[in-house]
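Here's the structure we're looking at; comments come further down.
The values are calculated or read from the model by the stated rules, or taken from the named source; none is laboratory data. Quick caveat, the model's predicted, so the values are computed rather than measured. Cβ: placed from backbone, ideal geometry, glycine included. Neighbour counts: every protein chain shown.
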Amino acid sequence: MQSRCCATIRARANTRSSTPSTSRWSRTRSRSAPDLSGGGGRPAAFLFPQGNRSMDPVSATDRYLATIPAARAALATAYTQGGHWLVLWGWLFSVLVPILILRTGLMRRIAAKVAGEKDRKNRAVFAVAVTFFLLHWLLLLPWDAYADWWRERSYGITSIAGGAWFAQSLISAIFSAISGGVFLVLLYLLIRRTGRHWWLWGTGISAVALFGAIVLQPLLLGPVFQKFTPLPQGPVRETVVAIAHETGTAADQIVIAHGRDGPSYTARVDGLGSFARIVLGEGLVATPVDTAALRAVVAHEIGHYKHQHLLWLTLFMTVLVAVALLAIDRLFTNVARLLGAGDTRIADPAALPVLAVIFATFVFVTTPLINTALRSVELDADRYGLDHAREPDGAARALLKTVDYRAPSPGRIEEILFYEHPSIRHRIENAVAWKAEHPAAAPATAR
Ligand SMILES: [Zn+2]
């Protein structure tokens with residue numbers, strides 16, 4: 001995904017697939033972040049003193065946020081709030097496109113032709129599914145090109161060329177069509193064989209599919225889109241190895257990603273256990289490196305890894321999928337009639353667009369719930385990062401660099417509905433509060 005964070009975990013309503021990179025700390029434009037280095041290349045904690053129990057997190061955070069230039073903050077707000085509307089439009093298109101495909105009757109013709117007289121049901125499902133996914137991608141392409149590429153480029157979030165973006169989109173679409181086709185062959189098999197409890201069995205294979213999409217796909221597809229290299233010798237490597245050592249993490253699991261977006265301030269965790277990869281963006285390790293911020297970000301990512309957040313999110317998404325499949329089971333007949341599919345049965349692959357409409361709507365309605373799960377693991381990783389890196393100022397500076405793609409001070413409701421990470425204000429307040437609670441914890445970079 002490359003959408004930009006744990007959001008990539010969400011089971012997307014539409015079929016466009018992207019590498020579900022997870023837990024991305026941040027991403028910034030190439031524009032320089034506010035200078036909080038304090039000069040001399042040494043980050044200074046000048047905004048609030050260490051271990052001052054009387055300091056007020058809100059006013060200390062205000063002072064941090066006041067360093068963001070007004071024009072930059074305004075642009076970030078425009079980008080963020082415009083992005084909220086994209087959720088609504090995205091759902092609308094993810095409903096309209098399947099309806100359009102349903103109305104053409106193409107799915108019914110393909111199902112009948114492939115099944116033939118020998119009634120080859122599995123082949124029919126696969127043919128219908130692959131055609132549906134590819135058509136869905138093609139019809140949504142103008143919208144995706146606007147939302148995922150043109151808009152991101154116009155706000156300076158990405159610098160990827162149109163041709164490269166299209167190639168990645170196409171590769172993802174083909175991967176999704178084939179893997180989605182295989183999944184649906186199994187799902188329809190269960191629908192035909194297991195009777196009214198098919199949705200429960202379907203949840204079982206969905207858990208396996210989600211595990212593949214969230215945990216394995218980034219490891220398999222990641223190298224197609226990005227080049228990974230080990231950390232070169234030097235101060236960055238020393239910093240990363242030190243924090244890895246302090247947390248008992250293998251430093252060779254930490255790599256630098258090159259490509260796609262060019263220099264960027266990002267980090268994420270791909271995979272699980274000994275197969276996991278902590279991926280640092282080029283911007284994070286570009287010189288001059290803010291060592292305290294780097295420690296804070298790496299410790300946050302190690303927190304995701306140590307606390308098995310990918311696994312917990314996979315379990316959470318599995319529960320949501322169970323509810324989604326139950327909703328499909330209960331609503332199918334009425335929605336099919338509503339969409340003009342007549343008295344069709346749920347086991348008929350030609351009615352796949354009806355399932356897609358219900359599923360897309362379910363994902364849309366549960367977006368705040370999914371975002372809340374994502375925010376809660378981010379808060380947990382923040383806490384782990386603060387406890388282990390002991391760099392609240394570094395964490396705050398790193399957060400300020402993420403301001404371009406997410407307005408820092410949303411309203412409470414706005415944050416609950418739309419934010420996949422807690423707001424920058426919220427996270428800096430936590431860092432300040434941590435600092436006040438740990439008067440003896442001198443930052444490691446100050447020793
Ligand atoms: Zn994170």
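Structure above, values below:
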read-out	value
Matching residues in segment 285-304 - criterion: being surrounded by fewer than 24 Cβ atoms within 10 Å (Cβ to Cβ) and either within 11 Å of the ligand (Cβ to nearest atom) or more than 19 Å from residue 431 (Cβ to Cβ) (or both)	285, 286, 287, 288, 289
Filter result for residue 319 (at pLDDT 95 or above and over 18 Å from the mean Cα position of the chain (by Cα))	yes
Matching residues in segment 191-212 - criterion: being of a type in the set (Gly, Ala, Ser), under 25 Å from residue 346 (Cα atoms) and touching a residue at least 12 places away in the same chain (Cβ under 8 Å)	202, 206, 207, 209
Some residue of segment 410-430 being more than 19 Å from the chain's Cα centre (by Cα), touching a residue at least 40 places away in the same chain (Cβ under 8 Å) and within 16 Å of the ligand (Cβ to nearest atom)	yes
In segment 231-280, the residues that are surrounded by fewer than 14 Cβ atoms within 10 Å (Cβ to Cβ) and either of a type in the set (D, E, K, R) or within 16 Å of the ligand (Cβ to nearest atom) (or both)	238, 252
Answer residue from segment 166-200, given it is surrounded by fewer than 16 Cβ atoms within 10 Å (Cβ to Cβ) and among the small types (Gly, Ala, Ser) and is modelled with the lowest pLDDT among those	195
Boolean, residue 388 is without any contact (Cβ under 8 Å) to a residue 12 or more places away in the chain, part of a helix (DSSP H, G or I) and not polar (S, T, N, Q)	no
Of the criteria (1) over 19 Å from residue 386 (Cβ atoms); (2) small (Gly, Ala, Ser); (3) assigned to a helix (DSSP H, G or I), which one residue 340 fails	(3)
Members of segment 361-379 that are more than 18 Å from residue 437 (Cα to Cα) and either buried (at least 24 other Cβ atoms within 10 Å of the Cβ) or within 16 Å of the ligand (Cβ to nearest atom) (or both)	370, 371, 372, 373, 374, 375, 376, 377, 378
Residue match in segment 380-403 (condition: buried (at least 21 other Cβ atoms within 10 Å of the Cβ) and more than 30 Å from residue 245 (Cβ to Cβ))	yes
Those helices (runs of 4 or more DSSP H) lying entirely in segment 184-267 with at least 1 residues in contact with a His (Cβ under 7 Å, 6 or more places away or on another chain)	235-247
Any chance residue 76 is within 18 Å of residue 418 (Cα to Cα) and either buried (at least 19 other Cβ atoms within 10 Å of the Cβ) or touching a strand residue (DSSP E or B) at 6+ places or on another chain (Cβ under 8 Å) (or both)	yes
Counted residues, segment 116-128 - those being more than 38 Å from the chain's Cα centre (by Cα) and not charged (D, E, K, R)	1
Residue in segment 305-336 that is farthest from the ligand (Cβ to nearest atom), counting only those that are closer than 23 Å to residue 391 by Cβ and touching a residue at least 60 places away in the same chain (Cβ under 8 Å)	306
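Residue by residue, here is whether (1) buried (at least 20 other Cβ atoms within 10 Å of the Cβ); (2) on the phi > 0 side of the Ramachandran plot; (3) not in a loop (DSSP other than H, G, I, E, B) holds:
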| position | (1), (2), (3) |
| --- | --- |
| 324 | yes, no, yes |
| 329 | no, no, yes |
| 345 | no, no, no |
| 350 | yes, no, yes |
